[in-house]
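One structure is given here, and the rest of the page talks about it.
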Amino acid sequence: METRLEQFLGFLIELGSTVGLRLIYAIVVLVLGLRLVKYFIKLISKAKLFNQIDKSVQSFARSAISIILKFIVFITAASIMGIPIASLLTLFA
């Protein structure tokens, strides 16, 4: 018969393997997503059509696109962790 300590350790190992994998996956998605956003913003900034726009509009567009894409990355990482998306979206609405 298992002791309470053995049961508790078994529970911690099981919890760590499921939550730990989700956490690692969410961190990977977050890091890669933020790097892709940074690359995409640089790509947009170098586009010929984008450079024909007024500088203040360029700055606003770059900031708006960056914020929207980062928000999507954070929402994706949160959903991987198991946080309900509907509750997060109602927070921002």
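Can you work out which of the residues in segment 18-43 that are at pLDDT 90 or above and more than 16 Å from the chain's Cα centre (by Cα) is most open to solvent (accessible area, probe 1.4 Å)?
We begin by selecting, within segment 18-43, every residue at pLDDT 90 or above; these are 25-43.
Next, from what is left, pick out any that are more than 16 Å from the chain's Cα centre (by Cα): 41-43.
Details: Ile41: 26, Lys42: 116, Leu43: 94 Å².
Among those that are at pLDDT 90 or above and more than 16 Å from the chain's Cα centre (by Cα), it is Lys42.
Are there any pairs with C-beta distances below 9 angstrom linking a residue in segment 68-83 that is assigned to a helix (DSSP H, G or I) to a residue that is at pLDDT 90 or above and of a type in the set (Phe, Trp, Tyr), with the two at least 6 apart or on different chains, and if so which?
Leu69/Phe40; Ala77/Tyr25; Ile80/Tyr25; Met81/Tyr25
Would you point out which residue out of Gln7, Gln52 is more than 23 Å from the chain's Cα centre (by Cα), of a type outside the set (Lys, Arg) and at pLDDT 85 or above? Write out each step before concluding.
Working: Gln7 fails: at pLDDT 85 or above.
So the residue among Gln7, Gln52 that is more than 23 Å from the chain's Cα centre (by Cα), of a type outside the set (Lys, Arg) and at pLDDT 85 or above is Gln52.
So which pairs qualify, if the first residue must be in segment 8-26 and closer than 22 Å to Ala78 by Cα, the second must be surrounded by 10 or more Cβ atoms within 10 Å (Cβ to Cβ), the Cβ gap must be under 7 Å, and the two must be at least 6 apart or on different chains?
Arg22/Ile80; Arg22/Met81; Arg22/Gly82; Leu23/Met81; Tyr25/Ile80; Ala26/Ala77; Ala26/Ile80; Ala26/Met81
The values are calculated or read from the model by the stated rules, or taken from the named source; none is laboratory data. Remember, predicted model here, so these are calculated numbers, not experimental data. Virtual Cβ from ideal backbone geometry, glycine too; neighbours counted across all protein chains shown. Note: accessible area is taken over every heavy atom of the protein model, side chains too, but ligands, DNA and RNA are not part of it. Shrake-Rupley method; radii C 1.70, N 1.55, O 1.52, S 1.80 Å.
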